[in-house]
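Asker: Attaching a single structure in structure tokens format; questions to follow.
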Amino acid sequence: MGKIVFTRARSFRDVVLVLVGAACMHIASSVFGFLPEQFTGDIIVNTHINQHHNHEPLLNEIPLADHPAAQIPKAIEQPPPPKQTAVQHPPPRPLSAELSFYLPETTIDSHAPGWTLFRNLYMSNGTLYIVSSQPPSSFPHINFITSTGLAAENTPENIQARMPTDENLDFLTPDQARDRWGPVHPQTRNRVWTVSGNTWLFNDPPQFLDHYYHFCAELLFGAWSFWSGAHNAVVDSSNLDESTAPPVHRAIFTHSEAYGWRDRPGFNSYFFRAAFPSITVEVEEDWNDRIVATSSPGKLSRAWHFEKALFADRSAAFRGEVCGTINQRTAAESYHHMQRAGNLTKWWWEPIRRSVLRFGGVPDQTLDIPIYAEAEAIAKKIVVTYISRQGARRHLIEEDHRKLVAALDEMCALRGWELNVVQAEKLSKDDQVALMARTTVLLGVHGNGLTHLILLPPTPISTVIEIFYPGGFAHDYEWTTRAMGMKHFAVQNDTWATHPRSWDVAYPDGFQGTQIPVHAPTIVKIIEDRITGKLPNSEFLARVERIHS
């Protein structure tokens, strides 16, 4: 006979107590994330940071025993809660925004004097920091990376004042970085905040930024050559509008106010916005906001973490061999570094040029000038553009100007070429852009208007003729023309020079004056010989042969 078990009938009070206890246990497990160990078995410590499928793994992972996460109270892995369609959960945040316990180490993807592409660069209280377990000697010397950002003067005192110190760029080990910016309490996160995406950090003073040539044909020209070269970007000749270089999300001018990087004619902002329509711009006031936000004393200091940053510094570029001793062009350090590495395609600049031209309303049939075509085919549509500076502070002798215009008009009428004699300031920006998109030969007195050469189609016979006061010469437009793959001629009255033959840089009395002479037949002879193939661009042809082979 089986055993009979007698049980006491439960009262209504007992039922209520059981239900209240179960409810309390459920609330504790849901809200506080724990249950007594006897209810669950093994305890699992979750030390993972939220993952994002497009982000690279973090560097500087430290052993779990030494990791701050090991000090967090242990939590039980809970089964997922029932789906509630009424609740909309936000998408997971990228890994870059979750520097809870890891501080990824700083690495350099590419470097040339004045141009450095960083991953995981830090800034706190105005100082840039390289966080690395490697010794500082394994990185480029800070003299070739940065400077104090002061305006440049050619004096020993000023040159010394622009030399960087550890207040401009310093090194921290991962342990030092964690001591400085790590959690105050084990349960809290690092005091480091990510500036996600790709950043261009420009450390140049406004002394040069508010000039069309220095901003567009030097700073942006150098930044894009370094950016595209460092990423081995490809520009296919069948689609010259597109580059495989990653997008640039923001540009920060650390020493320039809102109008410090804008030139008076307005071409800097026109060009910049057209070339990079989605870019966000921050200026000195914004940079100071970031400095102030991280300058709390002692254990409360913070840091900004830049995922990827191209850092450009004009003074540092002048400490390089190419810029400092050969041509005084900061972009030359970037361009020649990438050229030597074989990382620039012939058409690396085309996506930028075409973005600006399309912004200016240039039609597709103009953009489709056959840059691979034979010079004879292109010669059927020759456009000669003379940028007159007769209303500016530096210009030709008035009589020489009239003779030059008459000689150009006679030449073009005889050969069926188009001639444009313009004062750029009297044309709209769109009209200037449209004219440059069609121009084959651009000429004028040394001056800012020749910056438009960066918009010329780089055909085998594209030419820039720059007129100097006798004895004077500068590399500005000469170097940029050749970097564009075009031919440059420097003219001093009735003599001329072209690469590899050149003159020494000089600024004699009269260089900036209004009595610059020019021999019109010399200009006409250069243009005719250039178009008819007597003065070929051997550099261009050699590059095309290499590309085709």
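Asker: Checking K346 against (1) charged (D, E, K, R); (2) at pLDDT below 95; (3) assigned to a helix (DSSP H, G or I): exactly one of these is not met. Which one?
Answerer: Here K346 clears every test but (3).
Asker: Which one of W503, W479, W496 is aromatic (F, W, Y) and open to solvent by less than 40 Å² (accessible area, probe 1.4 Å)?
Answerer: W479
Asker: Ok, one more. Scan region 487-504 residue by residue and report those that are under 33 Å from the mean Cα position of the chain (by Cα), among the hydrophobic types (A, V, I, L, M, F, W, C) and at pLDDT 95 or above. Break it down stepwise before answering.
Answerer: Taking region 487-504 first, the residues under 33 Å from the mean Cα position of the chain (by Cα) are 487-490, 498-504.
Filter again for among the hydrophobic types (A, V, I, L, M, F, W, C), leaving 489-490, 503.
Result: F489, A490.
Asker: Could you tell me which of the residues L117, L150 is in a loop (DSSP other than H, G, I, E, B) and at pLDDT 95 or above? So that I can check it myself, show each step before the final result.
Answerer: Values: L117 fails: in a loop (DSSP other than H, G, I, E, B).
None of the others qualify; the one that does is L150.
Asker: Does at least one position in region 84-95 carry a residue that is closer than 21 Å to P246 by Cβ and either at pLDDT 95 or above or under 25 Å from the mean Cα position of the chain (by Cα) (or both)?
Answerer: There is at least one residue in region 84-95 that is closer than 21 Å to P246 by Cβ and either at pLDDT 95 or above or under 25 Å from the mean Cα position of the chain (by Cα) (or both).
Asker: Here is a further query. Answer yes if at least one residue in region 359-372 is β-branched (V, I, T), surrounded by 17 or more Cβ atoms within 10 Å (Cβ to Cβ) and either touching a helix residue (DSSP H, G or I) at 6+ places or on another chain (Cβ under 6 Å) or at pLDDT 95 or above (or both), and no otherwise.
Answerer: Scanning region 359-372 turns up at least one residue that is β-branched (V, I, T), surrounded by 17 or more Cβ atoms within 10 Å (Cβ to Cβ) and either touching a helix residue (DSSP H, G or I) at 6+ places or on another chain (Cβ under 6 Å) or at pLDDT 95 or above (or both).
Asker: If you go through region 271-285 one residue at a time, do you hit one that is among the charged types (D, E, K, R), in a helix (DSSP H, G or I), open to solvent by less than 40 Å² (accessible area, probe 1.4 Å) and out of contact with any Cys (no Cβ under 8 Å at 6 or more places or on another chain)?
Answerer: Taking every residue of region 271-285 in turn, none turns out to be among the charged types (D, E, K, R), in a helix (DSSP H, G or I), open to solvent by less than 40 Å² (accessible area, probe 1.4 Å) and out of contact with any Cys (no Cβ under 8 Å at 6 or more places or on another chain).
Asker: Evaluate region 316-331: report whether one residue or more is assigned to a loop (DSSP other than H, G, I, E, B), open to solvent by 20 Å² or more (accessible area, probe 1.4 Å), touching a residue at least 60 places away in the same chain (Cβ under 8 Å) and not polar (S, T, N, Q).
Answerer: If we filter region 316-331 for residues that are assigned to a loop (DSSP other than H, G, I, E, B), which is where we start, we get 319-320, 328-329.
From the residues that got through so far, the ones that are open to solvent by 20 Å² or more (accessible area, probe 1.4 Å) too are 319, 328.
Now drop any that are not touching a residue at least 60 places away in the same chain (Cβ under 8 Å), which leaves 319, 328.
With the extra rule that they be not polar (S, T, N, Q), the set shrinks to 319.
For region 316-331, residues assigned to a loop (DSSP other than H, G, I, E, B), open to solvent by 20 Å² or more (accessible area, probe 1.4 Å), touching a residue at least 60 places away in the same chain (Cβ under 8 Å) and not polar (S, T, N, Q): present.
Asker: On to the next question. Within region 415-452, restricting attention to residues that are of a type in the set (V, I, T) and not in a loop (DSSP other than H, G, I, E, B), which residue is farthest from I526 (Cα to Cα)?
Answerer: So the first thing to find is which residues in region 415-452 are of a type in the set (V, I, T), and the list is 421-422, 433, 439-441, 445, 451.
In the following step, the residues that additionally are not in a loop (DSSP other than H, G, I, E, B) were identified as 421-422, 433, 441, 445, 451.
Working: V421: 18, V422: 20, V433: 25, V441: 10, V445: 15, T451: 21 Å.
Among residues in region 415-452 that are of a type in the set (V, I, T) and not in a loop (DSSP other than H, G, I, E, B), the one farthest from I526 (Cα to Cα) is V433.
Asker: Please specify each residue of region 179-211 satisfying the condition of being in a loop (DSSP other than H, G, I, E, B) and not charged (D, E, K, R).
Answerer: G182, P183, V184, H185, P186, Q187, T188, N190, N203, P205, H211, listed by residue number.
Asker: Right, another one. Which one of S147, S137, S132 is of a type in the set (S, T, Y) and open to solvent by 20 Å² or more (accessible area, probe 1.4 Å)?
Answerer: S137
Asker: Moving on. Considering every residue within region 165-178, establish whether at least one is assigned to a loop (DSSP other than H, G, I, E, B), modelled with pLDDT of 95 or more and either of a type in the set (F, W, Y) or open to solvent by less than 40 Å² (accessible area, probe 1.4 Å) (or both).
Answerer: Among the residues of region 165-178, at least one is assigned to a loop (DSSP other than H, G, I, E, B), modelled with pLDDT of 95 or more and either of a type in the set (F, W, Y) or open to solvent by less than 40 Å² (accessible area, probe 1.4 Å) (or both), which makes the answer yes.
Asker: Continuing with the same structure: Scan H255, H249, H305 and give me the residue that is more than 26 Å from E350 (Cβ to Cβ) and in contact with a strand residue (DSSP E or B) (Cβ under 6 Å, 6 or more places away or on another chain).
Answerer: None of the others qualify; the one that does is H305.
Asker: Name the one entry in G449, G472 that is in contact with a Lys or Arg (Cβ under 9 Å, 6 or more places away or on another chain) and not aliphatic (A, V, I, L, M).
Answerer: Testing whether each residue is in contact with a Lys or Arg (Cβ under 9 Å, 6 or more places away or on another chain) and not aliphatic (A, V, I, L, M) leaves just G449.
The values are calculated or read from the model by the stated rules, or taken from the named source; none is laboratory data. Worth saying up front: this structure is predicted, and the values here are computed from it rather than measured. Positions of Cβ are backbone-derived with ideal geometry, glycine not excepted, and every protein chain shown enters the neighbour counts. Note: areas computed on protein heavy atoms with side chains; ligands, DNA, RNA excluded. Shrake-Rupley method; radii C 1.70, N 1.55, O 1.52, S 1.80 Å.
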